[in-house]
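The next block holds one structure in the form of structure tokens; read it before the comments.
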Amino acid sequence: MLDDYPEKVYAGVLGKIIGVYLGRPVEGWLFQDILREYGEILYYVKDRRGLPVVVVDDDITGTFTFVRALDDHGASADISAEQIGQTWLNYVVEGRSVFWWGGLGVSTEHTAYLRLKEGIKPPLSGSAALNTQVHAEQIGGQIFIDAWAMVAPGDPELAAELARRAASVAHDGEAVYAAQALAAMESLAFVEDGVDNLLNAALSAVPSRSVVSKLINDLREWHGGEVDWHRTRERIETAYGPEVYRGSAHCIPNLGLILLGLLYGESDFQRSLMIVNTAGWDTDCNSGNLGCLLGIKKGLAGIDAGPDWRSPVADRMYLPTADGGSAITDAATQALKVANLGRALRKLPSLSPKNGSRFHFELPGSVQGFRPDDDRDALGVADIENVEGHSELGTRTLAVHYRHLAPGRAARITTATFIPPEALDRPDYEMQACPTLYPGQTVRARVIADETNPDAVRCGLILSYYDSRDDLSLSHGPATDVEPGRAETISWKIEDSYDGAPIAQIGLELRAETPTAGTLFLDYLTWDGAPRVTLGRPKGGGSMWRKAWVNAVDQWGPYWEPWWAEAYRIAQNRGAGLLIQGTRDWADYVMRAVITPHL
């Protein structure tokens, strides 16, 4: 196994989510419209449209959900398409999560899901024979493929084979070949930097008479004779564009733009993503695939060589599925999960930094969702960065640099444990999530004060929860004075004092009695133990308690539901309905409830 394998996977995950977030605002736009509105896409443009950078997106959710088939069915290179299809059924909340639910014969993934639900097994569920060729050759086969490549580093044949099985759940023909080609390139990128060799691996992974093979060869030839990517884009549109390969988003035109960005971007992360996003069509998908490939190929240094892509993202990502406790996550956590699946395929033990701490900061530059608080009394007081050293169990820590700390001015950093306010009620893919932290559990954090600090600083654990107005309210836990050069471990067993309201953030607060500045290092933050919590409608009101449940039932109370005595009046018209709360690591727990069946 490669020595830098986890770091390369982390760079690939970052490249994927950065690419998706960069391309999302212009998804489906034409080249001419993008140029007229934005010019070249050189950096995030979401703020120019009043949108958050980090959003729910099917490209991200599917990529890091479907690979869990290896975890759920045994980490084996013999994983079957049928088992991957079962993973779809296990994690997708019908009509609500992961996919564009465009309808039978409109959305390829929705159509395949209905086939699976009817008992039609892969690869027939995604076949052209059942769903028509055009429908089966849409883009989803390549969208979700990156994780399958990252579990097979330096083994393009295995990556292509895993991609074939995964893509065949919903796709057929050229869509499967496109997935195989991309997976082979991404796998080889772990050990090979040359673009020509990557393209050779792609060609070896697909039939020589396929359209994908012809597309690769044409792009190579056109690139060799033309220095202007605009002209080559025109040739792609003429020979392979949406007027030739039809549907909502056919794989061939979009694969052409991925290759365009790869060849003309010359392995520069910013330039490559500029080309693939400015070129239009399915920008978030194309940018996500290319970003992952370049992240693997050039590593973290390649991502960091241009503008600051990472700070606005802060590793944050959302995976809304039936497993709501895994929805609020980050790039470092997902990278470690993928890397451990790759290690399991090779019968190697899992990596568990700092004894399995949730927030360990062991991957270079990782902040795992932590950001400085921007409340009035804390704005501008703290900055954070990932640094080497100061760790008891690892090699890296999160440095909290504070300045102008004084009475009435606090430094606070937090990370999400539930849906943050900016992710609520977005007009796109639905968020399904459960909190990751609950009353009854014990939070622990180890902090170290820099030895050059002029004064001790008071450090405490804090959390935020959604109150009766659905606003975030701050709650303080234990605090201790940390002297310069000293380390302290702070522990907090959270009491059930929030009236069923979900805990939304966890973090640290620094205070001082006299003005001071300095640095505090966060070695790790984690929690464990069984929740002890009453789940119900908070007496004070609010609606966020409802969003803490993954809703996989037909009905859960109409608008007049607050007048009912029961918090949960639910109905499922046919089959199994599920209302889910909790996380995968819960163990040894007992639930009590009063249940009244009406029918």
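The values are calculated or read from the model by the stated rules, or taken from the named source; none is laboratory data. Remember, predicted model here, so these are calculated numbers, not experimental data. Please note: Cβ atoms are built from the backbone with ideal geometry, for glycine as well, and neighbour counts cover all protein chains shown. Only protein heavy atoms, including side chains, enter the accessible area calculation; ligands, DNA and RNA are left aside. Shrake-Rupley method; radii C 1.70, N 1.55, O 1.52, S 1.80 Å.
Please report, ordered by residue number, the helices (runs of 4 or more DSSP H) entirely within the stretch 41-126 with at least 1 residues that are surrounded by fewer than 21 Cβ atoms within 10 Å (Cβ to Cβ). Write out each step before concluding.
Numbers: elements: 58-66, 69-72, 81-91, 108-117.
Per the criteria, 69-72, 81-91, 108-117.
Considering (1) open to solvent by 50 Å² or more (accessible area, probe 1.4 Å); (2) under 18 Å from residue 581 (Cα atoms), say which one residue 515 fails and leave the rest.
Residue 515 satisfies every listed condition except (2).
In this structure, is residue 337 closer than 29 Å to residue 139 by Cα, at pLDDT 95 or above and out of contact with any Cys (no Cβ under 6 Å at 6 or more places or on another chain)?
yes
Inspect the stretch 470-477 for any residue being assigned to a loop (DSSP other than H, G, I, E, B), more than 21 Å from residue 534 (Cβ to Cβ) and open to solvent by 50 Å² or more (accessible area, probe 1.4 Å) and give the result as yes or no. Even if it seems obvious, please write down each step before you answer.
In the first step, residues of the stretch 470-477 are kept if they are assigned to a loop (DSSP other than H, G, I, E, B); the result is 470-471.
Checking which are more than 21 Å from residue 534 (Cβ to Cβ) leaves us with 471.
Add one more test, that the residue is open to solvent by 50 Å² or more (accessible area, probe 1.4 Å), and what stays is 471.
Yes, the stretch 470-477 contains at least one residue that is assigned to a loop (DSSP other than H, G, I, E, B), more than 21 Å from residue 534 (Cβ to Cβ) and open to solvent by 50 Å² or more (accessible area, probe 1.4 Å).
Quick check on the stretch 493-506. Is at least one of its residues β-branched (Val, Ile, Thr), more than 25 Å from residue 586 (Cβ to Cβ), under 30 Å from the mean Cα position of the chain (by Cα) and open to solvent by less than 30 Å² (accessible area, probe 1.4 Å)?
Within the stretch 493-506, the first condition is being β-branched (Val, Ile, Thr), and the residues that meet it are 494, 503, 506.
Next, from what is left, pick out any that are more than 25 Å from residue 586 (Cβ to Cβ): none.
No, the stretch 493-506 contains no residue that is β-branched (Val, Ile, Thr), more than 25 Å from residue 586 (Cβ to Cβ), under 30 Å from the mean Cα position of the chain (by Cα) and open to solvent by less than 30 Å² (accessible area, probe 1.4 Å).
Quick one: which strands (runs of 3 or more DSSP E) lie wholly within the stretch 509-594 and hold at least 3 residues that are closer than 30 Å to residue 480 by Cβ and within 28 Å of the chain's Cα centre (by Cα)?
Qualifying strands (runs of 3 or more DSSP E): 516-528.
Report, ordered by the first and then the second residue, all pairs with beta carbons closer than 6 Å, sequence separation of six or more or different chains, a first member in the stretch 556-577 that is β-branched (Val, Ile, Thr), and a second member that is modelled with pLDDT of 75 or more and part of a loop (DSSP other than H, G, I, E, B).
Correct list of pairs: 570/553.
Residues checked against (1) modelled with pLDDT of 95 or more; (2) farther than 21 Å from residue 550 by Cα; (3) open to solvent by less than 10 Å² (accessible area, probe 1.4 Å):
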position: 421; (1), (2), (3): no, no, no
position: 429; (1), (2), (3): no, no, no
position: 445; (1), (2), (3): yes, yes, yes
position: 454; (1), (2), (3): yes, yes, no
position: 458; (1), (2), (3): yes, yes, no
position: 461; (1), (2), (3): yes, yes, yes
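Those residues that are touching a helix residue (DSSP H, G or I) at 6+ places or on another chain (Cβ under 9 Å) and either assigned to a loop (DSSP other than H, G, I, E, B) or open to solvent by 50 Å² or more (accessible area, probe 1.4 Å) (or both), I need them from the stretch 12-40; list them, please.
Passing the criteria: 27, 28, 29, 33, 35, 37, 39, 40.
Name the pairs: first residue in the stretch 433-444 and part of a strand (DSSP E or B), second residue basic (Lys, Arg), Cβ to Cβ under 7 Å, at least 6 apart or on different chains?
Within 7 Å, the pairs are 442/493.
Being modelled with pLDDT of 95 or more, charged (D, E, K, R) and touching a Phe, Trp or Tyr at 6+ places or on another chain (Cβ under 8 Å): is that true of residue 109 here?
The answer is yes for residue 109.
Take the stretch 308-326 and flag every residue that is under 13 Å from residue 433 (Cβ atoms), of a type in the set (A, V, I, L, M, F, W, C) and surrounded by fewer than 23 Cβ atoms within 10 Å (Cβ to Cβ).
322
Going by the conditions given, is residue 170 crowded, with 22+ Cβ neighbours inside 10 Å, within 26 Å of the chain's Cα centre (by Cα) and in a helix (DSSP H, G or I)?
Criteria not met by residue 170.
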